[in-house]
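S.K.: First the structure, which I've put down as structure tokens, then a few questions once you've had a look.
The values are calculated or read from the model by the stated rules, or taken from the named source; none is laboratory data. Computed from a prediction, not measured in an experiment: that's the story for all the values here. Glycine gets a Cβ as well: all are built from the backbone with ideal geometry, and neighbour counts include every protein chain shown. Protein only, heavy atoms only, side chains kept; ligands, DNA and RNA dropped before computing areas. Shrake-Rupley method; radii C 1.70, N 1.55, O 1.52, S 1.80 Å.
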Amino acid sequence: MSFFEPYLHTPSAVLSDGIVPVPLWAVTQLSIDSTYFVPQVGGTRRRVAVVSHDDSLSLSAVLLGPLRFTWKVALENLAESSRQGTALSRVTGGTQSGLVLITTATIRTDLAVQSLTFSQSAQRRDTLDVTLRLLHLPRPGSLAKLLDVASIGVGALTDALPV
């Protein structure tokens, strides 16, 4: 078996800044937490157009194989760039500024890394366990909603891909 053959299948998730994709081959857990804002009872009739909820995503994965340290460094760089502006923000003039996560459960844009943890055990020295906590920080306006709707179409396309 050649070096690249284990990577010929579709990864469980891909995290990218729009230019550099980091495949996560073995995602063991993904959770999406949405916190909705409830308006005050008896408040004013006027409503301000703000985001109605906060989303956070938690992801646990295993980095495998000889490229696991390369992916570790790439994840650390993506975490840094999610705070300072990604390559995607430079290409789009700032309309898209965060990371993009593609999984079978969701496709999210405008993400920032809140925490990134790596661990290794003596029993599995050839793997790195990674835990990510991502915050969804969409810009106000209709573009964020349009991207959410477009992600449904992209999700349907990814379901059609061979595993």
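S.K.: Not counting ligands, DNA or RNA, and with a 1.4 Å probe, what is TRP25's accessible surface area in Å² rounded to the nearest 10?
M.R.: TRP25 has an accessible surface of roughly 40 Å² with all protein chains in place.
S.K.: Taking a spot 7 Å from the Cα of SER115 along the direction of its beta carbon, which residues of the range 56-79 have an amide N less than 15 Å from it?
M.R.: Label zone hits: 56-61.
S.K.: Which order do you get for PHE69, PHE118 if you rank them by accessible area with a 1.4 Å probe, largest at the top?
M.R.: Values: PHE69 105, PHE118 55 Å².
In descending accessible area the options line up as PHE69, PHE118.
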